[in-house]
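Please read the structure below before turning to the comments.
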Amino acid sequence: MQLPLNYVIILPQYGVIMREFCGLLSKEVKNFFEEEGEKTFRAKQLFDWVYQKGVLDYDQMLNLPQPLRDQLKEKLHLGLLKLEKMENSSDGETKKFLWKLLDGRFVESVLIMSGTRRTVCVSSQVGCPARCAFCASGKEGVMRNLTPAEIVEQVAQINKHLIESGERVSHIVFMGMGEPLENYTSVVRALKILMDPELFGFSPRKITVSTVGVVPNINKMIEEDLKVNLALSLHAPNQHIRKKIVPYSRKFAFDDVLNSVRRYSKFTKRDITYEYVLLEGINDGEEHAKELAELLRNEQCIVNLIPYNPVMGLNLKRPSAPKIEKFHRILSKYNVATTRRYTKGKDIAAACGQLALRKKDKKNL
Ligand code: SAH
């Protein structure tokens, strides 16, 4: 049976079909309330509990009448993610959340606290199909797509966690496990829900989707007109080197990928971020920096240099600090805006590329 994206079957032995609350736009929830003969102001009360107050348990929504709460429990599923484990980095700036999904699979999100920013790094799939040479997430391929609600709930749950100390999620990056543009329909729906003014109401400027470069779906994103930030995982100044480390570059030619993100930037008037993981002896030479600078020098963009974070079992190295410095300096000399991503959460394997499948999921592959 093919169900729409925002439906879930709970208790398969009884065939109970429910909708996932966090996978619904505000107008869809209001329609649901109307169909059920409920006043729509009740929907607004519900939005306030979940998205503003961080309450994800119907029993705690005390201004909703008990019969309505019972009905919601049966029809709109809330609380798809069960917290299995939370780890804090030693500097206290990064927290990693391991969620157990309803089907027993696991997925992780990371909260990065930097200055006043509270950024949630969300996963979009269990595993990843991109299989980049330096990344833990794709080592075993992809298990399944996350539903829109499973994506939105990562933000809702971490927001709940922050609200307890008087804070809120301020930014969202799709840089956790998975390739967001290979789970296009769910990711676009999740983005619309995150930006829905009656729900979280995030500005598109506070959201970044990072992609390995799935050209047709970058083009589709332009038509969606969501205006979220796009980051391209480039990692090389040319196709020859990119092919060695990013298997997806066999699917999409270097120039086609660049052209599609440049079109995205032109249409949305948002600067593209190019992510570049620095790998010793592979893409970290002066000649690579110069070639990259030539490629991007006339473009309104930002290069984000990410020194490689170690992944178990991979025979790759992070370049030395002076080498990273040198690379950075060359780009700056060509006036290419460059930032360096400081590694956060390495001690809890929460840094970029360190999110991996659990043992149980590997067995199911
Ligand atoms: N699939 C998407 C999003 C997930 S990866 C993408 O490819 O963009 C998020 C970022 O982490 C990407 O830029 C990715 O290349 C980077 N990354 C992956 N493994 C890494 C590692 N071991 N060290 C540093 N950065 C890594």
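The values are calculated or read from the model by the stated rules, or taken from the named source; none is laboratory data. The shown structure was predicted, so the numbers you read here are calculated from the model rather than taken from an experiment. Ideal geometry is used to build each Cβ from the backbone, glycine not excepted, and the neighbour counts take in all protein chains shown. To get the accessible areas, we keep the full protein, side chains included, count just its heavy atoms, and leave off ligands, DNA and RNA. Shrake-Rupley method; radii C 1.70, N 1.55, O 1.52, S 1.80 Å.
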Task: Of all accessible heavy-atom area on the chain, the percent that carbon and sulfur account for (1.4 Å) - done: 50 percent
Task: Over the chain: helical MRE at 222 nm, DSSP H runs n ≥ 4 each giving -39500 (n - 2.57), nearest 500 - done: -9500 deg cm²/dmol
TODO: Return a whole-number percent for the relative contact order of the stretch 292-364, with Cα pairs under 8 Å and 6 or more residues apart as the contact set.
DONE: 38 percent
Task: Pair ASP271, GLU164: separation of 7 Å Cα→Cβ label points (nm) - done: 3.7 nm
Open item on the list: Pick from GLY166, GLY54, GLY213 the residue whose mean-square fluctuation is largest in a GNM of the chain, springs joining Cα atoms under 10 Å.
Closed with: GLY166
Open item on the list: Give me the percent relative contact order of the chain, please, defined on Cα pairs under 8 angstrom at least 6 residues apart.
Closed with: 15 percent
TODO: Give, as a single signed number, the net charge of other residues whose beta carbon lies under 13 Å from the beta carbon of TYR334, with Lys and Arg counted +1 and Asp and Glu -1.
DONE: 0
TODO: For the stretch 309-314, take each phi angle, set θ = phi - 60°, evaluate the Karplus expression 6.51 cos²θ - 1.76 cosθ + 1.60, and give the result in whole Hz per residue in order, putting x for glycine and proline.
DONE: 9, x, 10, 4, x, 9
Open item on the list: Taking amide H atoms as placed 1.01 Å from N in the peptide plane, list the residues 5 or more away in sequence, or in a different chain, whose amide H sits under 5 Å from that of SER210.
Closed with: PHE174, ALA231
Open item on the list: Could you check the spin-label model distance between GLU223 and LYS53? Points 7 Å from the Cα along Cα→Cβ, value in nm.
Closed with: 4.2 nm
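Between ARG329 and GLU198, 0.36 nm times their residue separation minus their Cα-Cα distance comes to what?
42.7 nm
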Open item on the list: Can you compute the label reach from GLU34? Point 7 Å from Cα along the Cβ direction, backbone N cut-off under 19 Å, restricted to the stretch 171-206.
Closed with: 197-199
- [ ] Along Cα→Cβ, 7 Å out, is where each label goes; now give me the distance between the ones at ASP91 and TYR342 in nm to one decimal.
- [x] 0.5 nm
Task: Accessible area (Å², per residue) of the chain, counting only protein heavy atoms and a probe of 1.4 Å - done: 45 Å²
Task: Entries of LYS75/LYS346; LYS44/LYS139; LYS75/LYS100; LYS30/LYS206; LYS85/LYS317; LYS85/LYS192 with Cα pairs more than 32 Å apart - done: LYS75/LYS346; LYS44/LYS139
